[in-house]
Amino acid sequence: MTAIPVLVILSAATAIGLYLGLLYLRGERKPGLIAFHLLLGFGGLETLVMLLHGTPNGAAGATTGTFGYTAAGLFGVSAFSGFVAALARRSPVAANVVLGTHVTVGLAGFALFLAWVSTL
């Protein structure tokens with residue numbers, strides 16, 4: 001498996017996430033776009049794990065490196081914090097802190113992913 005599909009999916013999820021952040025600062029919400037961001041994020045995480053793991057026929061996966069595994073872990077934490085941010089809407093301060101964590105960890109994971117892909 002090549003890294004191109006993973007790069008496209010995660011780049012689209014990141015771009016939509018940045019757009020959603022802009023909408024959040026304006027006080028707007030688009031639930032359909034949020035759902036699409038969620039699906040792209042989980043799809044990107046799944047394809048990244050598949051890329052790290054290898055193929056079912058026993059062929060080796062992409063060259064393993066700590067950046068790839070760390071990026072997958074950060075994306076997992078980002079996905080979890082995104083769910084917690086959606087559940088913590090009763091307390092605006094807590095929701096903002098968790099949402100800030102979601103954005104920071106997600107962008108750090110994307111930066112590590114880009115660094116890892118550049119070495120392939």
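No value in this document is a laboratory result; all are computed from the given coordinates. Every value quoted in this text rests on a predicted model; they were computed, and no experiment measured them. Quick reminder, even Gly has a Cβ in these numbers, built from the backbone with ideal geometry, and neighbours come from all protein chains shown.
Of all the C-alpha pairs in the chain, what % are more than 22 Å from each other?
Cα-Cα pairs in the chain separated by more than 22 Å: 34 percent.
Only counting other Cβ atoms within 10 Å, I'd like Phe83, Phe75 sorted with the fewest neighbours first.
Listed from fewest to most nearby Cβ atoms, that is Phe83, Phe75.
Would any residue of segment 74-111 have its amide N under 14 Å from a label point 7 Å out along Cα→Cβ of Phe42? List them or say none.
76, 79-84
Taking N as the number of residues in segment 1-51, what value does Rg over Cα atoms divided by 2.2 N^0.38 Å take?
1.24
Once R0 is set to 35 Å, what does the formula 1/(1 + (r/R0)^6) return for the Cβ-Cβ distance between Lys30 and Thr2, expressed as a FRET efficiency to the nearest 0.05?
After rounding, the FRET efficiency stands at 0.65.
Which of His53, His102, His37 ends up with the largest GNM mean-square fluctuation for the chain, with Cα atoms connected below 10 Å?
His53
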